[in-house]
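Worksheet: one structure, shown below.
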Amino acid sequence: MHKVYFAADHAGFALKNALVEHVRTLGYEVEDLGAHSLDREDDYPDFMTPLAERVAAEEGSCGVLIGGSGQGEAMCANRIKGIRAAVFYGPMRVTAALDIEGGRSEDGYDAVRLPRRHNNANILSIGARFISGDEADHAVRIFLETPFSDSPRHMRRLAKF
């Protein structure tokens, strides 16, 4: 991925700032699209829509949205053509056998891996009220490092979007 865009509302403000610095240390080009100050009255679409528009317009880029639940943020982003935003609340226990192209993950981060591998997700939406900073760091790193599978069945499905 070429460039990583970040955006957050008041609920994700502190976590966004920490993640921006973490991702920079990993060597990625990062742009912080706000919020740039804590305003408990801000509205998440004011930050999420511009990020989604930038990701949609810049091939090879991706985005990380941080809000209270991550749900509304992802819904807002997914309204933009070309965006595939996935929500992450935190590690989940795997209860069923999964065929994840050659294996089953046991670390609880398949909610990040699978949207990247199978759906070519280009935005990760994080629920800051449900996740620790370490969990968010790990999720973002997995999101950035997991490639799309390019398998014919996944390409076929994406073409139907």
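A short reminder: the numbers here are calculations on the coordinates, not readings from a lab. Because the structure is predicted, anything quoted here is derived from the model rather than measured. Here the Cβ positions follow ideal geometry from the backbone for every residue, glycine too, while neighbour counts run over all protein chains shown.
Descriptive notes on the structure:
- Positive-end residue, the chain charge dipole about Cα centroid, Cβ charges, pick of 64, 124, 154: 154
- Between 53, 41, 106, the GNM of the chain built on Cα springs shorter than 10 angstrom shows 41 fluctuating the most.
- Take each peptide in 19-31, 62-74, count the other Cβ atoms within 10 Å of every residue, and average; sorted highest first, the result is 62-74, 19-31.
- The distance separating the Cα centre of segment 104-161 from that of segment 2-28 comes to 17 Å.
- Sorted by Cβ density within 10 Å, fewest first, the residues 113, 156, 79: 156, 79, 113
- Chain lengthening between residue 71 and residue 14 when straightened (0.36 nm per residue, less Cα-Cα): 18.7 nm
- Partners for residue 160 among aspartates and glutamates (Cα-Cα distance below 16 Å; same-chain residues under 8 apart left out): 150
- Helix 45-57 and the longest principal axis of the C-alpha atoms of the chain enclose an angle of approximately 50°.
- Option label - percent of Cα pairs over 24 Å apart computed here, alternatives (1) 24; (2) 50; (3) 28: (3)
- Crossing angle, helix 13-25 versus the chain [Cα axis fit, 0-90 degrees, rounded to tens]: 60 degrees
- Degrees between helix 133-145 axis and first principal axis of the chain (Cα, 0 to 90, nearest 10): 50 degrees
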